[in-house]
Amino acid sequence: MSFLQLLWTASLLLAGIAVAVMLVLIVARLLIVRRARQRRAERRRLVPILISSARADEAALLGVHRDVIAEVTLELIDMVRGEERAAFLSKADALGVPKQLMRRLKWGSRRTRVLAAQGLSQFDQPEARRALYRALEDRSREVRLAAALALGASSQPPEAGELIKKLGLGTAEASLTAVSLFRQIAETRPDEIRALVLDDACSTSLRLVALEALATSGDFSLVTVITELALAAEDSSEALPRYLHALGKLGHPAARPAVLRGLGSHSMPARAAAAGAAGRILLKESADRLTELLDDPEWWVRFRSAESLILLGEPGIARLQEVTRSGAERARAAASTVLAERGLAG
Amino acid sequence: MIDFPPWSFAAAELITLVIILVGLIQVLFNLVQLVFAGVALHERPPLSSTSVLWQRYSELAPPIALIAPAYNEELTIIASVDALLALHYPDFEVVVINDGSKDATLQRLIDHYRLVPVQRYHDQALESKPLRGLYAADDVPRLLVIDKVNGGKADAMNAGINLARSPLVCVIDADTLLEPDALIRVVRPFVDDPVRTIAVGGTIRIANGCHVDGGRVIRAGLPRNLLALVQVVEYLRAFLMARLGLSRMGTLMIISGAFGVFRRGAVLDVGGFSHNTVGEDMELVVKLHRHMREQKRPYRIAYIPEPVSWTEAPESLKILGNQRARWQRGALETFRKHFDMFLNPKYGRIGFVGFGQILIVDVLGPLVEVAGYALVPPLWLLGLISFDYLLAFVALVFTFGVFVSVASLVLEEVQLRRLPRARDLALLTLVAVFENFGYRQLNNFWRLRGWWQFARKKQGWGTMTRKGFQRS
């Protein structure tokens, strides 16, 4: 074949492939549209039956596709609470929805498996849980994560250690979703997550995730531990600001030594986090240092310091007002603008 | 018959070879992008419903500040801001920047939302023109309006980023129509890979021909205007093939200023949007690559197709031509400004693949194609090159163009399926064929104009007249 023939053959081939592919796509789309129309009709027949007090298995008699039954029941379950939800769950059970989801979790495409895991989270049954546990071994990260979240939402969340191992939390898996998972576990077994924070063998990132999950729990027994961790952390470490954030969220005065240390840190994130925490734990003895920090070179530190001085109440506000009169230019701007922003300008 | 000296045959051969070579490299690069785009679409996380995303991410999603610069938008500003305020996201703020509009944009905002002057302590890390005032209302706590001296889009976005206090900023055009779940979808990489992700771009689609109500696309459709229709195919190619492929390769060089989310700290680290270019969105992404590579920090700049925003495409040749010339100029300015990164091992794949792509597609692409149109016919007429080869090569270039467009349509249909009807697919296939005859040449002419403006150091955006969305 000459070069010229090669060029023409390549052109014809490309054109032919393009036309053939588009024809296939268009035909496929027509079939999809037809199927979608059928499914919509099935939904219209199904919904009144599920909402009414009719026997659930009547739906099966209507010849409604099992996927449609699963889809519609899950939507309804998701929309309501209390007795109505229980009624829908029972109907879904009678229609074999959990079994259908389990089949899809085992055999479906990646997308189907993820959706099946999400759907199974509604059915707090031993069989569903077993299927979800099996899905923690799935080859797809997304499916494993969906299964873990579904299990976390059940009455018997999996052990944190098991999740760390199977999902690679703190190593291969850096998603913030881990925080959600740990929060779910902490609702019933806070000691397990607390143990992770205390475990020196755990990676710093995993301990920080556990810490974040517990920070909103109001578990003050953690304050001493986190304070010690913050005092032991290197000044420039990425962990120090996160410890200080967590202490701020917990809002307990026992965090005092760590916060005072943070206010003197050379690291900007640490100073800003400490400045924020000082206000939240109402650390009145930090007022002088916060006033100094109004002239910090970093904007976030100045802003957090001004905010915290306001949280300290009258003494803090008085200091801010004093700075507006006699402070350095940078500090004066911070104090006066934040006071004005909060409607406290004198 | 004229007797040409032997060197003229050699020169004609050389010119033809250069044109063919650059064309072949472009073809090869497109094929590679296509493969990577296919892999990326296949590997991407399954599409979840908005409610599932909300359940999973609502507690974890970081706060976002939407930065919406507005210049002379009095006709559409209220509908646009209403739509932004109605987005579904747990914690966000809408920062509208009135960039010295000459019309009543600011007054419309003040009157409609009953805004009053406020003060807000803010960072002045990024360069911007002086602020004239800040406005907010107790009834609309998510809204902050900045009034400032006109300084252009980059300047306005910098002012908005200065005022923002959220860890993430989402830059959009004031008339961009974001889908209600666009934010919860676009934030996904920031949740899934929080340490490395510094910027994420979403998809921009053409709103012409769609039914728009209350700042939202209610029913998608194709435009009736031929120019806008061609742009639908172009956008699909640009996003579903080029950006997705480049993102998968880790060499995404642009996140559109019409819809992109950035980690605010990273934007501050590189000095925000540059003022001295019309390609400030591309330039910001290149600066981010440069900074992170120089700091030797692991990072990710990604494009994900699911979050969608809609924009109005120009329907007149004049406006479209200005836009394309401006884009061309922006790419050239970025290439020149960061030329030291090109083929520099210090910048890894960005220097080789990212800049290589800019060189082949943006820098040389229009020059070579127009040179081909201008030089090859005379060379043939003079008997210096073979007509048979010329025809065969042109046919190959055009059929490959159609093939690439069709491949983008396949990606769209198999993975996203946003085109409402089967006949839309057929129509876009026809458009993909016919754009090669006339539009493609016109586009290259506009890009050449961009080259000329770049060479003459022309500054500024020119005017972009908007027709306004068809609203019910």
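The values are calculated or read from the model by the stated rules, or taken from the named source; none is laboratory data. In this text the structure is predicted, and so the values were computed from the model without any measurement. Cβ sites come from the backbone with ideal geometry, for glycine too, and all protein chains shown count toward neighbours. Accessible surface is based on the protein model in full, side chains and every heavy atom, while ligands, DNA and RNA are left aside. Shrake-Rupley method; radii C 1.70, N 1.55, O 1.52, S 1.80 Å.
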Stretchable slack from B:N276 to B:W452, in nm (0.36 nm times residue separation minus alpha-carbon distance): 61.6 nm
Accessible surface, chain B, averaged per residue in Å² (probe 1.4 Å): 41
10 Å Cβ neighbours from other chains, averaged over peptide B:395-405: 5
Rounded to 10°, Cα long-axis angle of helix A:66-79 versus longest principal axis of chain A: 30
Sites B:R224 and B:E59 - FRET efficiency at Förster radius 35 Å, r taken between beta-carbons, to 0.05: 0.20
DSSP beta bridges in the protein assembly as shown [antiparallel fraction, %, rounded to 5]: 45
Potential extension, B:L381-B:W7 segment - 0.36 nm per residue separation minus Cα distance: 132.9 nm
Within the protein assembly as shown, helix-based [θ] at 222 nm, where runs of 4 or more DSSP H residues each add -39,500 (n - 2.57), nearest 500: -18500 deg cm²/dmol
Span from the region B:356-425 Cα centroid across to the region B:82-156 one, whole angstrom: 44
Cross-link partners of A:K166 among aspartates and glutamates (Cα-Cα below 16 Å; sequence separation of 8 or more within a chain): A:E137, A:D138, A:E142
With every protein chain in place, region B:45-326: carbon and sulfur % of accessible area (1.4 Å): 50
Dipole magnitude of region B:45-326 about its Cα centre (Cβ charges: Lys, Arg +1; Asp, Glu -1), debye to nearest 20: 900
Most mobile of A:G248, A:G313, A:G170 in a GNM of chain A (Cα contacts under 10 Å): A:G313
Cα gyration tensor shape of region A:157-217, rounded if a/c is under 1.5, else prolate or oblate by comparing a/b with b/c: rounded
Theoretical gain in end-to-end length, A:R330 to A:E187 [0.36 nm per residue, Cα-Cα removed]: 47.0 nm
Interface A:B - total buried accessible surface [probe 1.4 Å, Å², rounded to 100]: 4100
Charge dipole (chain A, unit charges on Cβ, about Cα centre) - positive-most of A:S336, A:L23, A:G152: A:L23
14 Å beta-carbon shell around A:P126, net charge (K/R +1, D/E -1): +1
Rounded FRET efficiency, nearest 0.05, which uses the C-beta distance separating A:R39 from A:R81 and R0 of 35 Å: 0.80
Principal-axis tilt of helix A:221-232 within chain A, Cα atoms, nearest 10 degrees: 70
Between helix B:317-337 and chain B: long-axis angle, C-alpha atoms, 0 to 90°, nearest 10: 90
Magnitude of the charge dipole, the protein assembly as shown, Cβ model with Lys/Arg +1 and Asp/Glu -1, debye to 20: 1520
Accessible surface of region A:101-191, 1.4 Å probe, proportion on carbon and sulfur as whole %: 50
Estimated FRET transfer efficiency when R0 is 22 angstrom, pair B:D213-B:R142 (beta carbons, to 0.05): 0.55
Debye, to nearest 20: dipole size of region B:16-155, +1 on Lys, Arg Cβ, -1 on Asp, Glu Cβ: 240
